[in-house]
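These notes concern the structure reproduced below.
Laboratory data are not the source of any read-out in this text; all were calculated from the coordinates shown. What you are looking at is a predicted structure, and each value in this text was computed from that prediction instead of being measured. Because the Cβ atoms are built from the backbone with ideal geometry, glycine has one as well, and the counts that use them run over all protein chains shown.
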Amino acid sequence: MNTLGMSGQWVNHSTRIIREITATESMAKTAESSARGFLLTGDPASLQMMKESVASANQHEREVRLLTADNPRQQRRLDNLEALLAERFKALEELVLMRGSLGAGEAAQVVRSVGAPLSAAIESLSWELQNEEYSLLEARSSALDEDTARARVGRAIAAAFSLLLLAAASVVIRFDGRRRRKLETQLQHEKDLFTTLMDTLPDRVYFKDPESRFLRINAAKGRRLGLSNVAEAIGKSDADFYRPEQAARARADEKEVFQTGRALIDKEELETSIGGVEEWVMSTKLPMVDSDGTIVGTFGISRDITASKRAEQELESANSKLTGWNDRLELRNREGVLLAEMGELLETCVDEEEADRILSRFATDLWPALSGALSMIDSSRSSVEIAAGWGDSTALASVFLPEDCWALRRGRPHGSALSYGQIRCAHIARGFTGAFVCIPVMAHGEVLGVMHLLRPDGQELDESELRLAKTNAERMGLAIANLRLRAALKAQSIRDPLTGLFNRRYMEETFERELYRADRDGSTIGTIMLDLDHFKQFNDAFGHDGGDAILKEFSQLLLARTRKEDVVCRYGGEEFLIVLPGASLDDTHYRAESLLAAIRNIAVVSRGRELGHVSASMGVALYPNHGSTMGLLIRAADEALYQAKAHGRDRVMLAATHPIHDSQLLNSGALGPV
């Protein structure tokens, strides 16, 4: 009876262990389901359920460890199970914390994708633990049967002593039989579940011996290997289905797992079959142990991640393109800012030289890797000269003929690229081996010059650089045309068109300013009024062309014999007025006499004829001595001129004084040379 009781206790012991193992696995699954529910809904009850399930799973695992303390094989399996549970629960906790950043749907998807290999590994170890106990349960059930048989004999012999004990023993026997049949049914059910899982699991599952030969594969793995029957894989290796380098890598991984007992978790790799089909997979490989805890092979789970990998690559490609577009956009924005600033400065330039300096300043920022220059056609359109340069522009001729540049000949860009014909312009040095492009600078249909860009390394200019160069050439053309138009308009407004001298309006404006300056500084202003003698006779004798020739020659003499700060204007038909700021009366008188002497030496030729000698009469006045206003001063000079005319012409008269001959002034030595 004692033996029978012990056998029954062992049967109960194994049943309890199986129950605790099943409970451990069930709580782990419940924890994962609760975590997924929390990630999808954010329900605190789901989070609490996850935490309770984790605690319960750990408690059941510790209970199994206590119940199998006398079984070293089970203890080793429990070590692996404990590590897998800890890793899985840690991953769940991290995903719960990441719910805010990932989003509910994405986090739940990660739970499924990340946890599948670990869940499968946990289930596999659970099956191994249960199989061990089922084996022990079977042996203990057999012992129970033997003890039961002996008990029957004992009860037959001792029937006379205790009918009550016999009835109790019968009840125990019937109970143990029903329990054994129930355990057998449960075992068959677990086997059916395992078979169903292997056949329906979308992930590829396989078991291998120490030499990496297949022992068993599931249906998904068979489809990947191109097998209609999974049994065809038994005894074969990866070398029979994959390229040698792929098979060698798989063999190396499995050998390391077999020798070290350490699992290889979630390794991503590109698999290439013998037929050349490529597929990205994420694999987990673990050691496979027997009932004694000895590693007898490996088993693994792999998942096709080709679609997600391609999506990741496409995302990286899209990000790369986006980065490139963003860089180009930033470059365009920077160029736009520079062009806008340069355009604003060009609009406020006062002359072409200033515009050229602005281009040189901005060109180094717009084309940091290029050298170049701006060359302008001269007024005679017979030569082209560099007006502005940047970088190393020594390969460009400083002065060249318009026909030396193909861009000027053709009226459109020309360069070293194949699309331009690769014919070198004559103004580029022969020793230059880099790339170049010349772009005409035009405005209103007129070619004003040419912009050159050089790249010493020989790489042709890209589309953005050419676009920027064309834009700059257009802006420079318009800016220069506007400056020239402005200069022409200004000249027309202040210059006499025939003589090139200042007109009367400009003289009056300038005279007023000089009067204010003289008052402020306490200085004087000399004034000379001139009139050509007998000019009407020249017109009558030689026509207006002859008269115009005399006026032009006379005007050039006045410009040559006066200072830059002096104002020389055509006051009337043949009357001229010279304003000399800061000059004293003696200075002004001396300059008038010097001009008079120079005028006598003019020999004007028109249409091959000499027009004869020219003379002039002059009146000199000084501010403030002869007038406190411009009108009074000019009137004083004009009256002096009238006196010069009245006294025989070809002479200088001072305002309100008698004429002083130039010989007297020069012999005195009071004045220095003009």
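The table for this structure:
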| item | result |
| --- | --- |
| Taking Val64, Val614, Val350, Val289 and counting other C-beta atoms within 10 Å, the order from fewest to most | Val350, Val289, Val614, Val64 |
| Cβ-derived FRET efficiency at R0 25 Å, Leu270 paired with Glu314, nearest 0.05 | 0.95 |
| Per-residue ³J(HN,Hα) for the stretch 302-311, Karplus 6.51 cos²θ - 1.76 cosθ + 1.60, θ = phi - 60°, Hz, x for Gly and Pro | 10, 10, 6, 10, 4, 4, 5, 5, 5, 4 |
| log10 of Debye I(q)/I(0), alpha-carbon scatterers only, for the stretch 173-283 at 0.15, 0.21, 0.24 Å⁻¹ | -0.73, -1.22, -1.46 |
| Rounded to whole Hz, the Karplus (6.51, -1.76, 1.60) HN-Hα couplings of the stretch 117-125, x for glycine and proline | x, 5, 5, 5, 5, 5, 4, 4, 5 |
| Length released on extending from Glu52 to Ser628, taking residue separation times 0.36 nm less the Cα-Cα span | 196.3 nm |
| Segment Glu245-Ala340, length gained on full extension (0.36 nm per residue, minus Cα span) | 28.2 nm |
| Cβ-Cβ FRET estimate between Glu446 and Arg216, R0 fixed at 60 Å, reported to 0.05 | 0.10 |
| Rough spin-label spacing in nm, given labels placed 7 Å along Cα→Cβ, for Gln459 and Val277 | 4.4 nm |
| Cleavage-rule hits, trypsin sites (Lys or Arg not before Pro), the stretch 302-404, DSSP coil, Cβ neighbours within 10 Å at most 13 | Arg381 |
| Residues whose placed amide H lies under 5 Å from that of Ala443, excluding near-sequence neighbours | Leu448 |
| Calculated FRET efficiency for the pair Thr323/Arg357, C-beta based, R₀ 45 Å, to 0.05 | 0.75 |
| GluC sites (Glu not before Pro) restricted to DSSP loop in the stretch 211-263 with at most 15 other C-beta within 10 Å | Glu211 |
| Three principal axis lengths of the stretch 495-668 [C-alpha, angstrom, descending] | 51, 36, 24 |
| Neighbour cut-off at most 15 other Cβ (10 Å), DSSP loop, trypsin sites (Lys or Arg not before Pro), the stretch 260-292 | Arg262 |
| Distance (nanometres) between label positions extended 7 Å along Cα→Cβ at Asp290 and Ser380 | 11.0 nm |
| Alpha carbon centroid spacing (whole Å) that separates the stretch 506-556 from the stretch 377-433 | 45 Å |
| Along principal axes, Cα extents of the stretch 194-349, largest first, whole Å | 94, 34, 30 |
| Gain upon complete extension [Leu418, Ser33; 0.36 nm per residue less C-alpha separation] | 131.9 nm |
| Mean projection area, nm², convex hull over Cα of the stretch 309-467 | 11.5 nm² |
| Separation of the Thr510 and Ile494 label points, Cα + 7 Å toward Cβ, nm | 0.7 nm |
| Check: the stretch 217-345 dipole with +1 on Lys, Arg Cβ and -1 on Asp, Glu Cβ, in debye | 360 debye |
| Mean separation of Cα contacts under 8 Å, 6 or more apart, over the residue count of the stretch 331-490: relative contact order % | 21 percent |
| Placed amide H near Ile274: partners under 5 Å, 5+ positions off or other chain | Tyr242, Arg243 |
